[in-house]
Amino acid sequence: MISFRALQQSIDGWKRIVRGQPDWQDSFRLSWPGLATAVVLFYLFAFLGVVLASFSYGVPTLTGFIATMVIQSLYLLALVIGIFATRAAVTDRGPVLPVLIPGVYALVYYLVLVALISLVFGPLLPALWVGLLYMFFRLGRVAGGWTIGVSAAFAVLSVLLLVGTPIALYMMPAPVPAA
């Protein structure tokens, strides 16, 4: 129950981040337990996305389920790489949780919308990428305190990693059996 309250509060926090309001931090638990809550919600919605996809594509095998969850984990990895690469480029020594925790919640919203839009009208997915790009830009400006250019670079890097990594994995050829 606490997790869904945290999700509801994060929506309010994201409204404040998008508007640039200084009290956005009041809506997030910016601590390690708050990060754990966000990650648990991420995996819960990733699991629900697999369940929704099973209605269209059939129930995955255990190996398929694990592979799908690993690919979903790449979204978190993309966000972490985007944050730490940006922080390294600008030598930011501030706390990382105020950027990471809202970022994980943005990925939760992304998972939910991807699952729903994929079932209804898949060609709208690039619009979600644009929305996520804007959210990450605002996150960099408000939570990271970065300049416009740094925030834009963070947003582009994170979304490219988020979108590009799973696509690259799908494009990798399967091993060819020896003749």
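The values are calculated or read from the model by the stated rules, or taken from the named source; none is laboratory data. All values reported here derive from a predicted model rather than from experimental measurement. Methodologically, a virtual Cβ is constructed for each residue, glycine included, from the backbone with ideal geometry; neighbour enumeration extends over all protein chains shown.
Points to keep in mind about this one:
- Scanning region 3-33 for residues that are touching a Leu at 6+ places or on another chain (Cβ under 9 Å), closer than 19 Å to TYR110 by Cβ and among the small types (Gly, Ala, Ser) returns SER3, ALA6, SER10.
- Qualifying position, being over 13 Å from the mean Cα position of the chain (by Cα) and within 20 Å of LEU97 (Cα to Cα), among ALA127, ALA143, ALA155: ALA143
- All positions within region 16-43 that are over 15 Å from MET135 (Cβ atoms), without any contact (Cβ under 8 Å) to a residue 40 or more places away in the chain and among the charged types (D, E, K, R): ASP23, ASP26
- Within region 36-68, restricting attention to residues that are of a type outside the set (A, V, I, L, M, F, W, C) and at pLDDT 90 or above, the residue that is nearest to the chain's Cα centre (by Cα) is TYR43.
- LEU132 free of Cβ contacts under 8 Å to residues at least 40 places away in the same chain, in contact with a Phe, Trp or Tyr (Cβ under 7 Å, 6 or more places away or on another chain) and of a type in the set (A, V, I, L, M, F, W, C): yes
- Cross-chain or 6+ apart pairs with Cβ under 6 Å, region 56-85 first and free of Cβ contacts under 8 Å to residues at least 40 places away in the same chain, then surrounded by 15 or more Cβ atoms within 10 Å (Cβ to Cβ) and assigned to a helix (DSSP H, G or I): THR68/VAL50; GLN72/ALA46
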